Amino acid sequence: MSAKSLFAVALDARGRNFRVRSFAVHPGTIPTGIGRHLSLEDLQGLGAVDEHGQPVDNPTYKSVPQGAATMVWAAVSPQLDGLGGVYTEDADIAVVVPDDHQGPSGVHAWAVDPQAADRLWELSERLLGRSFTI
């Protein structure tokens with residue numbers, strides 16, 4: 001999650017003069033068929049199934065349309081006019097949370113740090129052997 005958010009921050013900084021804005025979008029936890037590609041241990045570690053492999057009823061799970069709502073909101077919301085490089089969740093801009101926060105919502109400061117975003121962008125360019133400029 002942090003890399004996705006940092007990439008959005010870096011892309012937004014590079015694109016804003018060209019009217020290109022970037023946002024990190026967290027759709028929430030959505031139980032889909034992708035779980036069939038995970039082991040029972042992985043699913044248990046994620047809290048998706050119990051010790052018998054039965055799905056866990058979790059009130060924070062979202063349906064596919066509910067998960068898509070934040071992406072649609074980020075694409076059309078006037079609340080984001082003039083903004084970019086922000087982390088979004090639940091059809092809103094996420095609140096920056098303390099470093100020791102363990103909850104399911106919010107974004108840590110390191111995941112929206114412009115200097116860290118630049119370092120990740122530059123590392124990506126070095127690893128790919130390509131420079132990307134807008």
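Observations
- DSSP bridge orientation in the chain - percent antiparallel, rounded to nearest 5: 35
- Its DSSP H runs of at least 4 residues, each contributing -39,500 (n - 2.57), put the calculated 222 nm mean residue ellipticity of the chain at -11000 deg cm²/dmol, to the nearest 500.
- Global dimensions of the stretch 84-134 from alpha-carbon coordinates: Rg and Dmax equal 13.9, 38 Å.
- Among the trypsin sites (Lys or Arg not before Pro) in the stretch 10-77, those located in a DSSP loop and surrounded by at most 15 other Cβ atoms within 10 Å of their own Cβ are ARG19.
- Both radii were evaluated on the Cα set of the chain; the Rg over Rh quotient, with Rh as the Kirkwood radius, amounts to 1.03.
- Once the Cα atoms are used to define both axes, helix 64-76 deviates from the longest principal axis of the chain by about 10 degrees.
No value in this document is a laboratory result; all are computed from the given coordinates. All values reported here derive from a predicted model rather than from experimental measurement. Backbone-built Cβ (ideal geometry, glycine too); neighbour counts: all protein chains shown.
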